[in-house]
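Reading through the structure tokens given below for one structure.
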Amino acid sequence: MDSNNYFLLLMNSYSPVSSLPLSHSLIHMNGACLELGNHIGDAISRIHFAPQSNNLLISSWDTCLRLYDVEGLQLRYEAPSDAALLDCCFQGESVAFSAGSDGIIRKYNLHSEILDTVGNHDDIATCIKYSDQSSLVITTGLDKRIMFWDPRIERALAHSKSLNTEVESMSFSGFELMLAIGTSAYVYDLRNLDGPLQSRNSKVGSRIRCITSASSVRGYAIGSIDGRVGVEVFATSTSTDTEYTFRCHPRAKNGNNHVVSVNDIMFNPRLPGSFVTGDNEGYVVMWDSQSRKKLFELPKFPNSVASLSYNHNGDVLAIAASYTYQEANELEELPQIFIYTMDEDQFGSASAVSSCRKPSCISR
């Protein structure tokens, strides 16, 4: 059984809740490349599915923010700017934000097509997230500051904090903001903006490239520049902290570790404890954090995997295959976005999955 069908069978067997059936167009584009009309002219920095639809937000170094209707197979919105866009995020279904290389934080009304400036960093803006709980836009930049913006008011800057270092990646769950800084992860309470960052000792041992909060428990996963993944689940009233690390690739025949950056990690909202990793060599792998096993690996993509995103149901995975400017010898094929889907009516049950090849154990 090939990886695509195994993905579909696996999703069907693990799904704890029912969902709306996939549209005819989505069912028939498993592994297909999106046709965006005009090619994306430079590296893709981020892709994000909307909170409640199959609209995909795309930011790129070619200065454009794009909104693509994956289900309707149509480019809905395209807005050029004056700088490369290094990150993007949604606020609901109709508003988006981007972080630019000129430091500017831009706000886009995707319906009226009005473009506004929220504020700016003193250097390149690198990361951006929107928190539904606090109604704040959170940004970081090479000016070594984390800024909190309230887009509902004219003087939008609500708080600013100096970090004295650069943030590589950030994520959040509820009121907990997770930051990747150097070789460590930090947790910041959005209910206390004047409070300290709480350091979480990371065992990956090298610079962290990405951090993503878990979807079903309090915790996160981090990916490093040398191919390690670390998973930490926070302690509860009935359990202690759980933390472990593993390498995404087994050792080579000469015994050396295969060193390649893990660029993005995404937890599936429907499969408790499962997540996918995308690396700089173009591989996407699905893991089970509870059993600590590798579930499957998709065929290698033509570029590095720059960004990953699940839709709100967890039954559609978007993969941005794009160079990332991390390595001198990196392939510079045209950026592409691939879509993988599953159809619960067409593909077997849990017993079918158990008859497939067994998942392989995580390589330490």
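The values are calculated or read from the model by the stated rules, or taken from the named source; none is laboratory data. All values reported here derive from a predicted model rather than from experimental measurement. Cβ: placed from backbone, ideal geometry, glycine included. Neighbour counts: every protein chain shown.
A compact table of results
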read-out: Conditions (1) within 17 Å of Ala221 (Cβ to Cβ); (2) modelled with pLDDT under 70: number failed by Cys361; value: (1)
read-out: All positions within segment 130-158 that are touching a Gly at 6+ places or on another chain (Cβ under 7 Å), surrounded by fewer than 19 Cβ atoms within 10 Å (Cβ to Cβ) and outside any loop (DSSP other than H, G, I, E, B); value: Leu157
read-out: Among the candidates Ile114, Ile138, residue that is β-branched (Val, Ile, Thr) and under 26 Å from Tyr325 (Cα atoms); value: Ile138
read-out: Those residues of segment 189-208 which are in contact with an Asp or Glu (Cβ under 8 Å, 6 or more places away or on another chain) and under 13 Å from Ser134 (Cα atoms), in sequence order; value: Asp189, Leu190
read-out: Residues located in segment 257-303, provided they are out of contact with any strand residue (DSSP E or B) (no Cβ under 6 Å at 6 or more places or on another chain), farther than 21 Å from Ile225 by Cα and aliphatic (A, V, I, L, M); value: Leu271
read-out: Given (1) surrounded by 13 or more Cβ atoms within 10 Å (Cβ to Cβ); (2) in a loop (DSSP other than H, G, I, E, B); (3) of a type outside the set (A, V, I, L, M, F, W, C); (4) without any contact (Cβ under 8 Å) to a residue 60 or more places away in the chain, index of the condition Arg106 fails; value: (2)
read-out: In segment 203-217, the residues that are modelled with pLDDT under 80 and of a type in the set (S, T, N, Q); value: Ser215, Ser216
read-out: Qualifying residue in segment 278-295 (condition: touching a Cys at 6+ places or on another chain (Cβ under 7 Å), more than 21 Å from Glu35 (Cβ to Cβ) and at pLDDT 90 or above); value: yes
read-out: Subset of segment 114-128 that is surrounded by fewer than 16 Cβ atoms within 10 Å (Cβ to Cβ) and touching a strand residue (DSSP E or B) at 6+ places or on another chain (Cβ under 7 Å) - its residue that is farthest from Arg155 (Cα to Cα); value: Asp123
read-out: All positions within segment 288-307 that are more than 18 Å from the chain's Cα centre (by Cα) and part of a strand (DSSP E or B); value: Lys293, Lys294, Leu295, Phe296
read-out: Filtered residue count, segment 159-170, keeping only those that are under 22 Å from Ile265 (Cα atoms) and part of a loop (DSSP other than H, G, I, E, B); value: 3
read-out: Those residues of segment 308-320 which are in a strand (DSSP E or B) and of a type outside the set (A, V, I, L, M, F, W, C), in sequence order; value: Ser309, Tyr310
read-out: Among the candidates Ser224, Ser213, residue that is within 20 Å of Leu136 (Cβ to Cβ) and in contact with a Gly (Cβ under 8 Å, 6 or more places away or on another chain); value: Ser213
read-out: Extreme residue, nearest to the chain's Cα centre (by Cα), among residues of segment 171-196 that are part of a strand (DSSP E or B) and under 20 Å from Ser216 (Cβ atoms); value: Ser171
read-out: Filter result (crowded, with 21+ Cβ neighbours inside 10 Å and without any contact (Cβ under 8 Å) to a residue 60 or more places away in the chain) within segment 215-230; value: Gly219, Tyr220, Ile222, Gly223, Ser224, Gly227, Arg228, Val229, Gly230
read-out: Breaking point among (1) crowded, with 16+ Cβ neighbours inside 10 Å; (2) modelled with pLDDT under 90, for Ala318; value: (2)
read-out: Yes/no for Ala185 being among the hydrophobic types (A, V, I, L, M, F, W, C), under 22 Å from Leu308 (Cα atoms) and either in contact with a Cys (Cβ under 7 Å, 6 or more places away or on another chain) or modelled with pLDDT under 95 (or both); value: yes
read-out: Residue satisfying all of: in segment 60-96; in a loop (DSSP other than H, G, I, E, B) and of a type in the set (D, E, K, R); farthest from Val167 (Cα to Cα) among these; value: Glu71
read-out: Segment 28-60, residues that are surrounded by 15 or more Cβ atoms within 10 Å (Cβ to Cβ), at pLDDT below 95 and out of contact with any Pro (no Cβ under 7 Å at 6 or more places or on another chain); value: Met29, Asn30, Gly31, Ala32, Leu34, Leu36, Asp42
read-out: Counted residues, segment 197-211 - those being farther than 20 Å from Val229 by Cβ and not in a loop (DSSP other than H, G, I, E, B); value: 1
